[in-house]
1. Go through (1) open to solvent by 80 Å² or more (accessible area, probe 1.4 Å); (2) within 16 Å of the ligand (Cβ to nearest atom); (3) not β-branched (Val, Ile, Thr) and name the single condition Asp200 misses.
2. Would you pick out the residues in the stretch 42-85 that are among the hydrophobic types (A, V, I, L, M, F, W, C), within 14 Å of the ligand (Cβ to nearest atom) and under 26 Å from Glu135 (Cβ atoms)?
3. Going through Glu102, Glu133, Glu129, Glu164 one at a time, which residue ends up being in contact with a His (Cβ under 8 Å, 6 or more places away or on another chain) and at pLDDT 95 or above?
4. Six or more apart or on different chains, Cβ under 8 Å: which pairs go from a residue in the stretch 160-173 that's within 14 Å of Leu205 (Cα to Cα) to one that's assigned to a helix (DSSP H, G or I)? Could you list them?
5. Here is a check on your reading of the model: is Arg150 at negative phi, open to solvent by 60 Å² or more (accessible area, probe 1.4 Å), basic (Lys, Arg) and within 13 Å of the ligand (Cβ to nearest atom)?
6. So, in the stretch 13-39, of the ones that are more than 26 Å from Thr124 (Cβ to Cβ) and either in a strand (DSSP E or B) or among the polar types (S, T, N, Q) (or both), which residue ends up nearest to the ligand (Cβ to nearest atom)?
7. Quick check: anything in the stretch 206-229 open to solvent by less than 70 Å² (accessible area, probe 1.4 Å), hydrophobic (A, V, I, L, M, F, W, C) and either more than 10 Å from the ligand (Cβ to nearest atom) or free of Cβ contacts under 8 Å to residues at least 12 places away in the same chain (or both)?
Amino acid sequence: MSIAENLDAIRAQINGRAKLIAVSKFHSAQEVLEALNAGQSVFGENRVQEACEKFTLVKEKTSLPIELHLIGHLQTNKIKKALSIADWIDSIDSLKLIELLEAQCAKTQKTLNILLEQRLAEETKTGFETLGELEEVATLFEKNTFPHLRLCGLMTMAPNTSDEAKIAKAFKTLRDNFTKIKSEHNLPNFSELSMGMSGDYKIALREGSTQVRIGTAIFGERTAAKEGL
Ligand SMILES: *Cc1c(COP(=O)(O)O)cnc(C)c1O
């Protein structure tokens, strides 16, 4: 199946319920262009260097609008570079990172959309651990501590398992935390639940996802040969 056919099949499954983020990590600028030409405008990458090189190339070849999400752990020494390319950072995992992003966005007068990542799987290394930690951050946003950042919602990765009940439970936990934060804090942009990947996005949609992040089911397997550009 071609990238365009894969996109059609996934769009049919999503059926307007969520935004589709095409995760193009390890895939080429050419493949991104193929997806763009098939009407896909939102992309996700997890490494800053790879994203910069690839999307610089892509933007030289097309003037189609692109929205780029960073979805992997962001090292603080990559912030400037990340901000030069990303419209969203979906994988915010510390208050320190938020403070540094705010400082850099203030310098460049940029407004950045962010999601807080919660760690709900053993094998995931990063993310806020508890609802309490998420609420602390929400409280700071409510006080307008970070005027150049828009707190748009939460993100998670489900455990890597074939046990659908376990996966659904993780997604439900994120949704419950989202609902609680939204009801208890005055956060006008807090509306997104980023959950679901190629293997579990149908479960995520049932659990209320508003943004699914799909790589393999669009672009095929990521192989070592495809690493880099
Ligand atoms: C790679 C990645 C995805 C996409 O995974 P697929 O299984 O290829 O769909 C989604 N989210 C994050 C955070 C990722 O790193």
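The values are calculated or read from the model by the stated rules, or taken from the named source; none is laboratory data. Note that this is a predicted model, so its numbers are computed, not measured. Every residue, glycine among them, receives a Cβ derived from its backbone with ideal geometry; neighbour counts consider all protein chains shown. Note: areas computed on protein heavy atoms with side chains; ligands, DNA, RNA excluded. Shrake-Rupley method; radii C 1.70, N 1.55, O 1.52, S 1.80 Å.
1. Against the list (1) open to solvent by 80 Å² or more (accessible area, probe 1.4 Å); (2) within 16 Å of the ligand (Cβ to nearest atom); (3) not β-branched (Val, Ile, Thr), Asp200 comes up short only on (1).
2. Those that are among the hydrophobic types (A, V, I, L, M, F, W, C), within 14 Å of the ligand (Cβ to nearest atom) and under 26 Å from Glu135 (Cβ atoms): Leu70, Ile71, Leu74.
3. None of the other options fit; the residue is Glu102.
4. What qualifies is Glu164/Ile203; Ile167/Ile203; Ala168/Ile203; Ala168/Arg206; Phe171/Ile203; Phe171/Ala204.
5. Here the answer is no, as Arg150 does not meet what is asked.
6. Ranking the candidates gives Ser28 first.
7. The answer is no, given that none of the residues of the stretch 206-229 is open to solvent by less than 70 Å² (accessible area, probe 1.4 Å), hydrophobic (A, V, I, L, M, F, W, C) and either more than 10 Å from the ligand (Cβ to nearest atom) or free of Cβ contacts under 8 Å to residues at least 12 places away in the same chain (or both).
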